[in-house]
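The values are calculated or read from the model by the stated rules, or taken from the named source; none is laboratory data. All of these numbers come straight from a predicted model, not from anything done at the bench. Quick reminder, even Gly has a Cβ in these numbers, built from the backbone with ideal geometry, and neighbours come from all protein chains shown. Heads up: the accessible areas ignore ligands, DNA and RNA and are worked out on the full protein's heavy atoms, side chains in. Shrake-Rupley method; radii C 1.70, N 1.55, O 1.52, S 1.80 Å.
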Amino acid sequence: MKFQVLYFGKDPTWVDSAVGEYARRMPELSLVRIRNKPSRTKFDRMLQKAGPSSKIIMLDQRGQQWTTEQLAKNFQQWLMEFKTVSFLIGDAEGFTPNERHRVGSQWSLSALTFPYSIARLIVCEQLYRAQSILDGHPYHRNES
């Protein structure tokens, strides 16, 4: 299975470096930067890059919050059902109500608001962590 993180904008070098480390550890993870212009077609271009058979998950503060363990369970389910899972991260304007309505799954990282570059880093880290849980890798240590 392939994971895609689709996003807008240019990030600071330190974010690119950190995200790149997770992409290196997780070869099935790809990062796809979508051009900001023209603004009116950004969302449609994002969906087009995701592909028609991709499971689409929009990052949105109004979405469902998952624990890391719930993400790992979702990850396992996606492995059985989809060839590609695409995570859509909006820009500073976020997504419109119409765009949110067009996408079935919405994931909220937190009730807090993050810059899109930090959201991208968190998504990549959490995907790597979920994979490590399923693989029994010691990266994730549940202390509860």
In a Gaussian network model of the chain with springs linking alpha carbons closer than 10 Å, the residue among Ile57, Ile118, Ile89 that fluctuates most is Ile118
List the residues, sorted by chain then number, that are 5 or more residues from Gly9 or on another chain and whose placed amide H is less than 5 Å from its amide H.
Ile34, Asn36
Ser86 long-range amide H proximity, modeled H, under 5 Å
Gln4, Lys55, Ile56, Ile57
So who's got an amide H within less than 5 Å of the one on Leu109, skipping anything under 5 residues away but keeping other chains? H placed 1.01 Å off N, in plane.
Asp60
What does the accessible area per residue of the chain come to in Å², with a 1.4 Å probe and no ligands, DNA or RNA counted?
58 Å²
Over the chain, how many pairs of lysines fall under 26 Å by alpha carbon, counting only those 8 or more apart in sequence or from different chains?
19
Below 15 angstrom from the Cβ of Ser105, what's the summed charge of the other residues (Lys, Arg +1; Asp, Glu -1)?
+2
What 222 nm value per residue comes from the helices of the chain, counting each DSSP H run with n ≥ 4 as -39,500 (n - 2.57) and dividing by all residues, nearest 500 deg cm²/dmol?
-13500 deg cm²/dmol
Taking N as the number of residues in the stretch 87-144, what value does Rg over Cα atoms divided by 2.2 N^0.38 Å take?
1.38
Cut-off 12 Å between beta-carbons: net charge of the residues surrounding Met26, Lys and Arg +1, Asp and Glu -1:
0
What per residue convex hull volume, in Å³, do the alpha-carbon atoms of the chain yield?
114 Å³
